[in-house]
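As structure tokens, the structure follows; a few thoughts come after it.
A short reminder: the numbers here are calculations on the coordinates, not readings from a lab. On a predicted model such as this, the values are computed, not experimentally measured, just so you know. Don't worry about glycine lacking a Cβ; one is built from the backbone with ideal geometry, like all the others, and counts go over all protein chains shown.
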Amino acid sequence: MMNHEELLHLIKSRRSVMPTQYSQEEITSEELNLILESANWAPNHKRTEPWRFKVIQGEVKKRFAEFMLEKYQETTLPEAQNERKKAGIIEKCLLSDKIILICMKTSHQLPEWEELAATSMAVQNMWLMCTSMEIGSYWSSPGAISKMNEFTELEEDENCYGIFYMGKRKGDLHESSRQPIENKVQFIAS
């Protein structure tokens, strides 16, 4: 079992890794299943398990790239569009080995924010599992997520809240830092 120092090291190592930093090596179905299973163990109030994931892979990534480009063009004024951004939208889809739509099915048993928090924790679990497996990943929330029902069927009370891009990492992780925790904690003793 991992000790507390190893766990903290893993947490501190988690990064947003962009698709340009992914190799062309495939994420195996066994690895993908571990990542998804880690998500399934996120804490959630009243055991609603609100997270839902839709995995995009193979040839469907091209259709997803076209969809994302189309939504960008529909929602961005023509004079604000640029070719570099358009190419980047296509590139990140095609360079990713797997793309997961992060969705949530509202139970109506508790406040929506609690189920969003649970879904976010499920994504954090996936992110940590990816980090432990040297799989790069990052959560993106473009405007097109509100239109995801045009790309794939969503159940009643299900919405998309993000896109999780994934690929085997090439190269080392970049350094990061945080402000001291002491600046963010207040102890209330009396």
TODO: Return the distance in nm (one decimal) between the two label points of a simple spin-label model at E5 and E155, each offset 7 Å from Cα along Cα→Cβ.
DONE: 4.4
- [ ] In Å and from the alpha-carbon atoms only, list the Rg and Dmax of the chain.
- [x] 18.1, 61
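Assign unit charges at the C-beta atoms only (+1 for Lys and Arg, -1 for Asp and Glu), then state the dipole size of the chain relative to its Cα centre in Debye, rounded to the nearest 20. Please list the in-between numbers first.
Working: 23 positive and 29 negative charges, 89 e Å.
The calculated dipole for the chain is roughly 420 debye.
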TODO: For region 90-190, build the charge dipole from Cβ charges (+1 Lys, Arg; -1 Asp, Glu) around the Cα centre, then report which of Y161, I102, N183 sits farthest towards its positive end.
DONE: N183
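Which three semi-axes in whole Å describe the equivalent ellipsoid of region 90-190, each the square root of 5 times a Cα gyration tensor eigenvalue, listed largest first?
Numbers: eigenvalues 150, 121, 25 Å².
Result for region 90-190: semi-axes of 27, 25, 11 Å.
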Open item on the list: Show log10 I(q)/I(0) for region 124-163 at q = 0.15, 0.33 Å⁻¹, two decimals, from a solvent-free Debye sum over equal Cα scatterers.
Closed with: -0.49, -1.03
Open item on the list: Using a Cα-Cα cut-off of under 13 Å, which aspartates and glutamates could be cross-linked to K147, ignoring same-chain neighbours fewer than 8 residues away?
Closed with: E70, E74, E158
TODO: For K12, list the aspartates and glutamates whose Cα falls under 18 Å from its own Cα; do not include residues on the same chain fewer than 8 positions away.
DONE: E134, D172, E175, E182
Task: Segments 129-137, 180-188 sorted - mean Cβ within 10 Å per residue, highest first - done: 129-137, 180-188
Open item on the list: Using 0.36 nm times the number of residues separating R14 and E182, minus their current alpha carbon distance, what extension gain do you get?
Closed with: 58.4 nm
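At a 10 Å Cβ-Cβ cut-off, how would you order V123, V55, fewest neighbours first?
Details: V123 20, V55 15.
By the 10 Å Cβ count, ascending, the order reads V55, V123.
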